[in-house]
Amino acid sequence: MKPPVEMARLFRERGLKMTPQRECILDVLRGAEGHPSAEAVYAEARARMATMSLKTVYQTLNDLVAMGEIQQLDLGTGASRFDPNVDVHHHLVCTSCGKVRDLYADFRSIEVPPGASQGFTVGSAEVVFRGLCAECQGAALAR
Ligand SMILES: [Zn+2]
Ligand SMILES: [Zn+2]
């Protein structure tokens, strides 16, 4: 996601004002390393600003996805997750608590096998690794 001044300009280009609510949502997204769901963004933004509405959060997230400033990810954790990191990267997903972390690794060998492309030209590939996070492993051992 671009710096605040740049974001204000991008909103203006779409005929949208940089309201305190939008600013707050951007700030929540910038500080989030956990790929929050819309509900999680709302909970954090509402804690900072009593006038925040869930509708504003959904609308702003949709706008940001349309602007290409955040990614909407469906990682099989139940709700869409939002990622302010739009570089190509991969994800580690905990199947127990739904924690998501960025993973940077160069998987050069990921290719569609010859004859399997079904007419697609492939531009990029993202890999999702599923398993248990450190906390959930600890909880499983403690049981
Ligand atoms: Zn976990
Ligand atoms: Zn990510």
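Could you work out the per residue convex hull volume over the alpha carbons of the range 60-126, in cubic angstrom?
On the way: hull volume 8.9 nm³, N = 67.
That works out to 133 Å³ per residue.
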What whole-number distance in Å separates the alpha-carbon centres of the range 81-108 and the range 18-69? 20 Å
Highest-fluctuation residue, Val122, Val28, Val93 considered, GNM on the chain with Cα pairs under 10 Å: Val122
If exposed means chymotrypsin sites (Phe, Trp or Tyr not before Pro) lying in a DSSP loop and surrounded by at most 11 other beta carbons within 10 Å, then the longest stretch of the chain lacking such sites spans residues 1-103
For Arg48 and Leu103, extending 7 Å from Cα along the Cα-Cβ vector and measuring point to point gives, in nm, a value of 3.0 nm
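Starting from the Cα-Cα distance between Asp74 and Ala125, subtract it from 0.36 nm times their residue separation and give me the gain in nm to one decimal.
Values: separation 51, 0.36 × 51 = 18.36 nm, distance 1.45 nm.
Taking 0.36 nm per residue and subtracting the Cα distance, the gain is 16.9 nm.
Take the alpha carbon gyration tensor of the range 87-142, find the square roots of its eigenvalues, order them as a ≥ b ≥ c, and report rounded if a/c is under 1.5; if not, report prolate when a/b exceeds b/c, else oblate. Could you put the intermediate results ahead of the total?
Working: a/c = 3.44, a/b = 2.62, b/c = 1.31.
Here the range 87-142 falls in the prolate category.
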Rounded tilt (10° steps) of 38-48 against the dominant C-alpha axis of the chain: 40 degrees
In a GNM of the chain with a 10 Å cut-off on Cα contacts, which of Gly98, Gly115, Gly34 has the highest mean-square fluctuation? Gly115
The chain: projected area of the alpha-carbon convex hull, averaged over directions, in nm²: 11.8 nm²
Return one number: the angle in degrees, 0 to 90 and rounded to the nearest 10, between the long axis of the Cα atoms of helix 54-66 and the longest principal axis of the Cα atoms of the chain. 60 degrees
Three semi-axes of the equivalent ellipsoid, the range 4-73, Cα gyration tensor, whole Å, largest first: 18, 14, 11
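Given the rule -39500 (n - 2.57) for each run of at least 4 DSSP H residues, summed and divided by the residues of the chain, what is its mean residue ellipticity at 222 nm, to the nearest 500 deg cm²/dmol?
Values: 5 runs with 55 residues, N = 143.
So the calculated ellipticity at 222 nm is -11500 deg cm²/dmol.
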To the nearest 10 degrees, how steeply does helix 20-31 sit against the main Cα axis of the chain, on a 0 to 90 scale? 30 degrees
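When only DSSP loop residues count, what GluC sites (Glu not before Pro) in the range 1-82 have their Cβ near at most 15 other Cβ atoms within 10 Å? Please report the intermediate quantities before stating the final value.
Values: sites: Glu6, Glu13, Glu23, Glu33, Glu39, Glu44, Glu69; in loops: Glu33, Glu69.
Here the GluC sites (Glu not before Pro) that fit, given the DSSP loop and packing criteria, are Glu33.
Quick note: the coordinates plus some simple rules give every number you see, no bench work behind them. Not measured: the values here are computed from a predicted model. Positions of Cβ are backbone-derived with ideal geometry, glycine not excepted, and every protein chain shown enters the neighbour counts.
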